[in-house]
Amino acid sequence: MSKLPIFFYRYLGSRFLSSVVYNTFMIFFLWELVVKFKSVFLAGLIPTISLAAELFAAIPVGHLIDRFNSTKLSMLSSALMLAGISVLIAGQRILFVYTATIFVSVGLSMKGDTISATIKKNLDQDRFTSANQWLQAASYASGLIGTLFGGLSILYFRHGFLSVILALSLAAFIISFPIREGTSGAGRTKAFSEIASSLVFIKKISGFLVLGFALNGLIISLDVYSSGLFHLILKVSAIYYTLFVAFLSIGGIIGAVISGKLKGYINTANRVSMLVLLFSPAILVIALYRSATADIVDSFLLGILLPVINIPLQVNLMKVIPRNIYGKVTAFLKVFLGGATPGMAAVFSFLALFLRVDIILLYIGIIIFPVSALAFLVLPKFFAMAGDASSGFQEAGEI
């Protein structure tokens, strides 16, 4: 990974700590509400509230990013998370937990949006790959650490749990102090003009969006069915399911490093499309093999594959989006692509009422093959747009 400015590592560290807090919070309270109220429904409202808060805030946050210093907004996001955790000092009653969920979820979502905008506004394009490698690796690492700490807090650190995440939130706030940032020119343009430009740009990448929506929606099946697969089909203990989830994150960290080593080789439309096609056999292995060990190995390989694909796509997306509408476009992407998760999760949950988990995964593995093949049609145009933007043929603000 190439050397990046110190301020990037500060904001990366702030995002890392914030993500650890979020994941720890989610693991701890998803368990606590089930134990305290004997209700999966009340616990299930936590991720529902979290997603609703993220999607509701996405468009306003995107508008703010186009108008204001993104590093100041990063500090604001840390303040929101700190406020959310501070609510719990008054007590851990269910209303306080739900209120904290809103603040923590919006804060982390805003933190991710602002660091992406900070890269776009303050780094040269030749550093985009390295910056996104660090983001991917930190994301997987914070998810792993947050999950482990949340689980250990349930078992051993109940009384000190709140103090630790409060201290981590405070540290994330302190190291996120802003820097001076050049204006994007958004303040000199009319809001309706920016929205129109955003819509025109979104139309240009519509094929990429359809591909992303379909793949996100289908791959979320692993989250929906993995616990059922290990418990109902493979009939093994929860430790195998835990390892399945953990090795996805471990693979993601390794994949982020590999992506940097192979960036000159991977960053072509056809090679990325070929990697996308591998999702189909990866799902089929999980559906067909009756081996918990094989599924854990497959999870590890999937973890490696995801950042190797995602990093070049994110880098090219970062290059191709005009700077003055960057916040608005990324906000739309979050709402559109994020909508695939709850929508398809509901479909998969319904299907599980009628079909066995492994049978559904078999069908999904088969369906992913033609969907993934669309990458060979969509990605060449997308990569060509990014190449034009890098060469200076697409000026900021023009579509």
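Screening T341 on (1) modelled with pLDDT of 80 or more; (2) out of contact with any Phe, Trp or Tyr (no Cβ under 9 Å at 6 or more places or on another chain) shows it passes everything except condition (1). State whether the residues of the range 6-15 include one that is more than 15 Å from M81 (Cα to Cα), surrounded by fewer than 20 Cβ atoms within 10 Å (Cβ to Cβ) and at pLDDT below 85. The answer is no; no qualifying residue exists. Within the range 1-50, the set of residues being part of a loop (DSSP other than H, G, I, E, B) and small (G, A, S) comprises S2, S39. On the given criteria, is S169 at pLDDT 85 or above, among the hydroxyl-bearing types (S, T, Y), assigned to a helix (DSSP H, G or I) and surrounded by 19 or more Cβ atoms within 10 Å (Cβ to Cβ)? Yes; evaluated as a whole, the condition is true for this residue.
Elements of the type helices (runs of 4 or more DSSP H) sitting completely within the range 67-163 and holding at least 3 residues that are surrounded by fewer than 22 Cβ atoms within 10 Å (Cβ to Cβ), of a type in the set (K, R) and in contact with a Gly (Cβ under 6 Å, 6 or more places away or on another chain): there are none. Any residue that is modelled with pLDDT under 85, over 29 Å from F128 (Cα atoms), assigned by TED's automatic domain parsing to the domain that holds F279 and not in a helix (DSSP H, G or I) - is there at least one of those in the range 360-379? No, the range 360-379 has no match at all.
Of everything in the range 220-270, what is assigned to a helix (DSSP H, G or I) and charged (D, E, K, R)? Give them in sequence order. So that I can check it myself, show each step before the final result.
So the first thing to find is which residues in the range 220-270 are assigned to a helix (DSSP H, G or I), and the list is 221-233, 238-261, 263-266, 269-270.
Within the range 220-270, D223, K261, K263 meet the criteria.
Based on what the data block shows, is I286 assigned to a helix (DSSP H, G or I), closer than 24 Å to G365 by Cβ and out of contact with any Pro (no Cβ under 6 Å at 6 or more places or on another chain)? Spelling it out, I286 is indeed assigned to a helix (DSSP H, G or I), closer than 24 Å to G365 by Cβ and out of contact with any Pro (no Cβ under 6 Å at 6 or more places or on another chain).
The values are calculated or read from the model by the stated rules, or taken from the named source; none is laboratory data. Computed from a predicted structure; not experimentally measured. Positions of Cβ are generated from backbone atoms using ideal geometry, with glycine treated the same way; all protein chains shown enter the neighbour counts.
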